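What follows is calculated from the coordinates using simple rules that are stated; it is not laboratory data. Quantities reported herein were computed from a predicted structural model and do not represent experimental measurements. Using ideal geometry, Cβ is built from the backbone for each residue, glycine included, and neighbour counts are taken over all protein chains shown.
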Amino acid sequence: MNKFLQFLDKHILKIGVAFVLVFVALYPKLPSIQVTHTWVYIRLEDFIIATLVSIWFIQLLRKKITLPFPVAIPIVLYWIVGFCSLIFSLIFIAPHLLNFFPKIAALQYLRRIEYMILFFIAFSTVKSKKDIRDYLIVLSVTLFF
């Protein structure tokens with residue numbers, strides 16, 4: 001049991017990324033929970049990605065993985081600019097538009113972050129060419145199905 005837990009501790013993110021690659025591509029985009037007063041739904045893949053992000057943060061706090069700083073800077077800057085744009089639109093533009101829904105704007109911003117943070121998770125799991133090969137195999141099998 002101890003060996004299994006050590007294996008899981010070492011490879012949980014890689015298994016999670018492979019599962020997300022398959023699940024997001026093959027599982028239909030069926031709504032799970034409706035956000036009230038909007039036409040936005042939380043899907044099952046959102047929960048799976050949130051779980052994977054939580055595991056990634058735990059591994060980051062335990063210093064099992066590191067952030068890819070040179071690559072992360074433009075993406076984090078993009079998130080900051082997007083957040084400033086969201087705040088600007090909520091404060092100055094939203095009160096003057098008839099069909100502007102602040103809740104939907106915020107949820108769309110969070111959805112972009114959700115999908116982009118998967119890059120950091122996948123990037124932190126790649127240690128060698130073998131990892132890239134494994135992901136290409138998973139993508140190929142997923143594409144086949």
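Give me the lysines in straight-line cross-link reach of K103: C-alpha distance below 21 Å, same-chain residues under 8 apart excluded.
Here the lysines satisfying the reach criterion relative to K103 are K29.
Can you list the DSSP H helices in the chain whose Cα atoms extend at least 24 Å along the helix axis and whose mean Kyte-Doolittle hydropathy is 1.6 or higher?
On the way: long enough: 2-26 (33 Å, 1.35); 44-61 (26 Å, 1.77); 69-88 (28 Å, 2.21); 102-125 (35 Å, 0.81).
Those that pass (Cα extent of 24 Å or more, hydropathy at least 1.6) are 44-61, 69-88.
For the residues E114, E45, what sequence is obtained by ranking on other C-beta atoms within 10 Å, fewest first?
Details: E114 14, E45 18.
Least to most surrounded, the residues fall as E114, E45.
Hand me the chymotrypsin sites (Phe, Trp or Tyr not before Pro) from region 9-52 located in a DSSP loop with no more than 16 other Cβ atoms within 10 Å, in residue order please.
Qualifying residues, ordered by number: W39.
Given a cut-off of 19 Å, name the pairs among K14/K130; K63/K130; K14/K63; K3/K64 whose C-alpha atoms lie farther apart than that in the structure shown.
Details: K14/K130 12 Å; K63/K130 22 Å; K14/K63 16 Å; K3/K64 17 Å.
The pairs that break the limit, which is 19 Å between Cα atoms, are K63/K130.
So if a site counts as exposed when it's one of the trypsin sites (Lys or Arg not before Pro), its DSSP state isn't H, G, I, E or B, and it has at most 10 other Cβ atoms within 10 Å, what's the longest stretch of the chain without one?
Working: sites that count: K29, R62, K63, K127.
Longest stretch, sites excluded: 64-126.
Which ordering of S32, S128 is given by a fewest-first count of other beta-carbon atoms within 10 Å? List each step's numbers first, then the result.
Numbers: S32 11, S128 8.
Going from sparsest to densest Cβ surroundings: S128, S32.
Under the rule of -39500 (n - 2.57) per DSSP H run of 4 or more residues, summed and divided by the residues of the chain, what mean residue ellipticity at 222 nm is obtained, to the nearest 500 deg cm²/dmol?
Details: 5 runs with 103 residues, N = 145.
It comes out at -24500 deg cm²/dmol, rounded to the nearest 500.
If the viscosity is 1.306 mPa s and the temperature 10 °C, what Stokes-Einstein diffusion coefficient in µm²/s follows for region 48-145 when Rh is the Kirkwood radius over Cα pairs? Let's see the in-between values first.
On the way: Rh = 16.1 Å.
Stokes-Einstein gives a translational diffusion coefficient of 99 µm²/s.
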